[in-house]
1. For H204, H156, H6, write out the residues from largest to smallest accessible area, computed with a 1.4 angstrom probe and no ligands counted.
2. Once a ≥ b ≥ c are taken as the square roots of the eigenvalues of the Cα gyration tensor of region 138-257, is the result rounded (a/c under 1.5), prolate (a/b larger than b/c) or oblate (a/b not larger than b/c)?
3. What lysines sit close enough to K145 to cross-link, taking a C-alpha to C-alpha distance under 24 Å and skipping anything fewer than 8 places away on the same chain?
4. Let me check I have the definition right: for region 1-79, take the eigenvalues of the Cα gyration tensor, multiply each by 5, take square roots. What are those semi-axes in whole Å, largest first?
5. What's the carbon and sulfur percent of region 229-341's accessible surface, probe 1.4 angstrom, rounded to a whole number?
6. Could you work out the relative contact order of region 229-341, using alpha carbon pairs under 8 angstrom and six or more residues apart, expressed as a whole percent?
7. If one takes the longest principal axis of the Cα atoms in the chain, at what angle in degrees, from 0 to 90 and to the nearest 10, does the Cα axis of helix 54-68 lie?
8. Please give the helix 267-293 orientation as an angle from the longest Cα principal axis of the chain, in degrees from 0 to 90, rounded to the nearest 10.
Amino acid sequence: MAHWFHRNPLKATAPVSFNLYGIAGSPAANKICNDLRTTRARLLEMFTDVTCTPEIMKNATDAYFSLLQGFIASLDGTTQENKLRYIQNFKWIDTLQGNTASAQQDAVFELVSMGFNVAVWYTKYASRLAGKENVTEDEAKIVHKSLKVAAGVFKHLKDIHIPRLITPAEKGRDLEPRVIDTYIVQCQAEAQEVTIARAIELKHNANLIAALAFETANFYQKADHTLNTLDPDYSSKWRKYLQLKQHFYMAYAYCYHGQTLLASDKCGEAIRSLQEAEKCYSKAEALCKEYRQTKGPGSTAKPSEQLFFLKLGGLIKNTLEKCQRENGFIYFHKVPAEAPSLELKASYGLAEPVAFELPPVSDQCTPDVYATFDLTKGAKDEKAKPKQDEEVKPVKEPDLKPQKDTGCTIS
């Protein structure tokens, strides 16, 4: 199993000092600020550390988010908003629109932006693992779970936290519903790719494989349609990926549906299904070329030269030739003019997001310590306040060498 997935870059952010000297009126309050700074820095380091695992990422995420919630959750036993929510400025760039930065003095903005990166990290980790030449069964399970975890994080941010932003997400930006929805559906589709590969490897029923492929193609189509109103300058490359995967899995669906028809002695219909598979495969091949030629954020790859792509082409060719031979010797069926209608519904193997929950508020963030933060005094260290015009440099992500079977570079 060697997969290839398109990946957009990680979000970059300006450093945050959490220097609230004067406002933080106790040693315990100062320790919270110091720990916020160090846990944030460590989490950002983990995003580009090639040795980071899901377990390490979860620990780093929990350490930071448990403290950050001390600036968001109500700590004084009332329903009033946390007085610390708007005390610190945060600045993040957009993954699609280059170095375009957004700044908000809002801890919820920090939570959703950092959470977005956590989800993207899980997709990149899955992509790196799935692109190996020889993926073990245990590794395939990790890939599958990582993609569902990523979908769960995106869904949690969209449903719970993004609606709480005082300044709504701008159109076409990372936190905008269309973009988040696309990520969720893409993660589900990619997780199902792993399921399909496993089903093929274990020689499961052709009808089940066809149904899974058809459902996966529909997921990719849904994701593509979600992006169709975004600025093409930022979304074209991403959409080419979604389109080529849609046609690729439609080719899979027609190919395995053809095998099902042949097994039911419907050879003419099987031939027509395989011919449709060839058309879908050719369209996917053309989109692979368009993907390579389209400028925009994301992976640089030659999808049509990778093993997963080439194997399907050979399978369609061989299966069609077999059907044609059988029809010439045994069945003598007329080949229909219309392609068979795919009314397939997978009963098993559909990927659902893994529910994500934030960690509990840190034990350090008690009502007594919260009371020692005095906003009326103002921060003494004015130099600690972030500059609005401070440049945010893109994240320097590791240059990962592709395996010989995948021919891709993960961005």
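The values are calculated or read from the model by the stated rules, or taken from the named source; none is laboratory data. Computed from a prediction, not measured in an experiment: that's the story for all the values here. Counting neighbours? That spans all protein chains shown, and the Cβs are built from the backbone with ideal geometry, glycine included. The accessibility values were calculated without ligands, DNA or RNA, using every heavy atom of the protein model including side chains. Shrake-Rupley method; radii C 1.70, N 1.55, O 1.52, S 1.80 Å.
1. Details: H204 90, H156 35, H6 5 Å².
Result, largest first: H204, H156, H6.
2. Details: a/c = 3.05, a/b = 1.69, b/c = 1.81.
Since a/c reaches 1.5 but b/c is at least a/b, the shape of region 138-257 is classed as oblate.
3. Qualifying lysines at Cα under 24 Å: K11, K58, K124, K132, K155, K158, K203, K222, K245, K345, K401.
4. After scaling each eigenvalue by five and taking roots: 32, 15, 12 Å.
5. Numbers: 2740 of 5520 Å².
Whole-percent figure for carbon plus sulfur exposure: 50.
6. Working: 129 pairs, mean separation 41.2, N = 113.
Relative CO of region 229-341 lands at 36 percent.
7. Its long axis makes an angle of about 40 degrees.
8. With both axes taken from Cα atoms, the answer is about 40 degrees.
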